[in-house]
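The values are calculated or read from the model by the stated rules, or taken from the named source; none is laboratory data. Computed from a predicted model, the values in this text were never measured in an experiment. Positions of Cβ are backbone-derived with ideal geometry, glycine not excepted, and every protein chain shown enters the neighbour counts.
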Amino acid sequence: MSDASCLFCRIVAGEIPATLVAETPHAVAFRDIAPKAPVHILVIPRRHVTSLAVATDAGELGEILALAARVAEQEGVSDTGYRVVTNVGEDGGQSVGHLHFHVLGGRALGWPPG
Ligand code: AMP
């Protein structure tokens, strides 16, 4: 299931360029185009899922989170620490309507986020 008008579906399809760093059968990880930390990777499901609010496939979610941890290891931030976060809806600050988990690291991250 793919949405032709969705930016991240188009990245998955290879129609819009992105720097892929890892992939699994159901998930893809690529560099954020406007990084907010030295390491900033987005991990997304291949199929179109609008946000965590409507994500129901526990296997798919597990695969995404496992890939996030693998990417953090690959990027060399496992020992120093990192953050995995997903924004949901308007108040959550979600700007792209395709589920994505940010993997942020490489510097001390403030808490709580602004
Ligand atoms: P959010 O605001 O949580 O929806 O996150 C969307 C993220 O997608 C932002 O951090 C953007 O910088 C990032 N983004 C937008 N367009 C692209 C793109 N073409 N390639 C990679 N990352 C993108």
Is it fair to say residue 77 is buried (at least 17 other Cβ atoms within 10 Å of the Cβ) and either more than 15 Å from the ligand (Cβ to nearest atom) or without any contact (Cβ under 8 Å) to a residue 12 or more places away in the chain (or both)? yes
In the stretch 36-61, residue nearest to the ligand (Cβ to nearest atom) [restricted to those that are closer than 26 Å to residue 107 by Cα and assigned to a loop (DSSP other than H, G, I, E, B)]: 36
Exclusive hit being surrounded by fewer than 20 Cβ atoms within 10 Å (Cβ to Cβ) and within 15 Å of the ligand (Cβ to nearest atom), set 33, 64: 33
Counting only residues that are more than 10 Å from the ligand (Cβ to nearest atom), closer than 17 Å to residue 34 by Cβ and in a loop (DSSP other than H, G, I, E, B), the stretch 80-108 contains a total of 2
List pairs: first residue in the stretch 9-36 and among the hydroxyl-bearing types (Ser, Thr, Tyr), second residue more than 13 Å from the ligand (Cβ to nearest atom) anywhere in the structure, Cβ distance under 6 angstrom, at least six positions apart or on different chains. 24/63; 24/67
Restricting to the stretch 6-30, name every residue that is within 14 Å of the ligand (Cβ to nearest atom) and either surrounded by fewer than 18 Cβ atoms within 10 Å (Cβ to Cβ) or modelled with pLDDT under 95 (or both). 6, 7, 10, 13, 14, 15, 16, 17, 19, 20
Just to be sure, is residue 43 touching a residue at least 12 places away in the same chain (Cβ under 8 Å) and hydrophobic (A, V, I, L, M, F, W, C)? yes
Pairs with Cβ under 8 Å, 6+ apart, first in the stretch 57-73 and within 12 Å of residue 25 (Cα to Cα), second of a type in the set (S, T, N, Q): 63/24; 67/24
